[in-house]
1. I want to confirm something. Restricting to segment 32-50 and keeping residues that are closer than 17 Å to PRO76 by Cα and touching an Asp or Glu at 6+ places or on another chain (Cβ under 8 Å), which single residue is surrounded by the most Cβ atoms within 10 Å (Cβ to Cβ)?
2. What are the residues in segment 5-31 that are more than 18 Å from SER103 (Cβ to Cβ), part of a loop (DSSP other than H, G, I, E, B) and open to solvent by 60 Å² or more (accessible area, probe 1.4 Å), if any?
3. Collect the residues in segment 51-78 that are in a loop (DSSP other than H, G, I, E, B), open to solvent by less than 60 Å² (accessible area, probe 1.4 Å) and either at pLDDT below 95 or in contact with a helix residue (DSSP H, G or I) (Cβ under 9 Å, 6 or more places away or on another chain) (or both), keeping them in residue-number order.
4. Could you list all residues from segment 79-108 that are in a loop (DSSP other than H, G, I, E, B), within 18 Å of CYS40 (Cβ to Cβ) and open to solvent by 10 Å² or more (accessible area, probe 1.4 Å)?
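The values are calculated or read from the model by the stated rules, or taken from the named source; none is laboratory data. Keep in mind it's a predicted model, so treat the numbers as computed, not measured. Cβ sites come from the backbone with ideal geometry, for glycine too, and all protein chains shown count toward neighbours. Note: accessible area is taken over every heavy atom of the protein model, side chains too, but ligands, DNA and RNA are not part of it. Shrake-Rupley method; radii C 1.70, N 1.55, O 1.52, S 1.80 Å.
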Amino acid sequence: MPVAVFEMPDGAEQVLDVPDDWSLMEAARRDGLEGIVAECGGGAICGTCHVQVDPRWYASLEAPGMMEEALLEVVPERCATSRLSCQVVMTPALDGIRVRVPSSQLEL
């Protein structure tokens, strides 16, 4: 099963098994990962599952849709590789993807 590595603001890492076709958000919620609240349940309308994708992995992802892009405009700590984890769907090609949970996510 593919894995995703979530880096927390303090540098700690958590490696989560993510079934194919699951979003990173779904795996994070299943495992109770701190900072991935996902208030909307994956509808890309709340921004509470914001992550910063490692630049080495960012190019492997499809571009964000218009709705996601608009929401990313208002999330705290946005960076060039920001994504909503509910919109990053695991495939075998993403095995090992690394993302960082912004510190602002822990304040939600």
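1. Pass one, segment 32-50, residues closer than 17 Å to PRO76 by Cα: 34-39, 44-50.
In the following step, the residues that additionally are touching an Asp or Glu at 6+ places or on another chain (Cβ under 8 Å) were identified as 44, 46, 48, 50.
On the way: ALA44: 19, CYS46: 18, THR48: 18, HIS50: 28.
Here the answer is HIS50.
2. Hits for segment 5-31 are ASP20, ASP21, TRP22, ASP31.
3. Within segment 51-78, the subset in a loop (DSSP other than H, G, I, E, B) is 54, 59-65, 73-78.
Keeping just the survivors that are open to solvent by less than 60 Å² (accessible area, probe 1.4 Å) gives 54, 61, 64-65, 75.
Those that are in a loop (DSSP other than H, G, I, E, B), open to solvent by less than 60 Å² (accessible area, probe 1.4 Å) and either at pLDDT below 95 or in contact with a helix residue (DSSP H, G or I) (Cβ under 9 Å, 6 or more places away or on another chain) (or both): LEU61, PRO64, GLY65, VAL75.
4. The one that is in a loop (DSSP other than H, G, I, E, B), within 18 Å of CYS40 (Cβ to Cβ) and open to solvent by 10 Å² or more (accessible area, probe 1.4 Å): LEU108.
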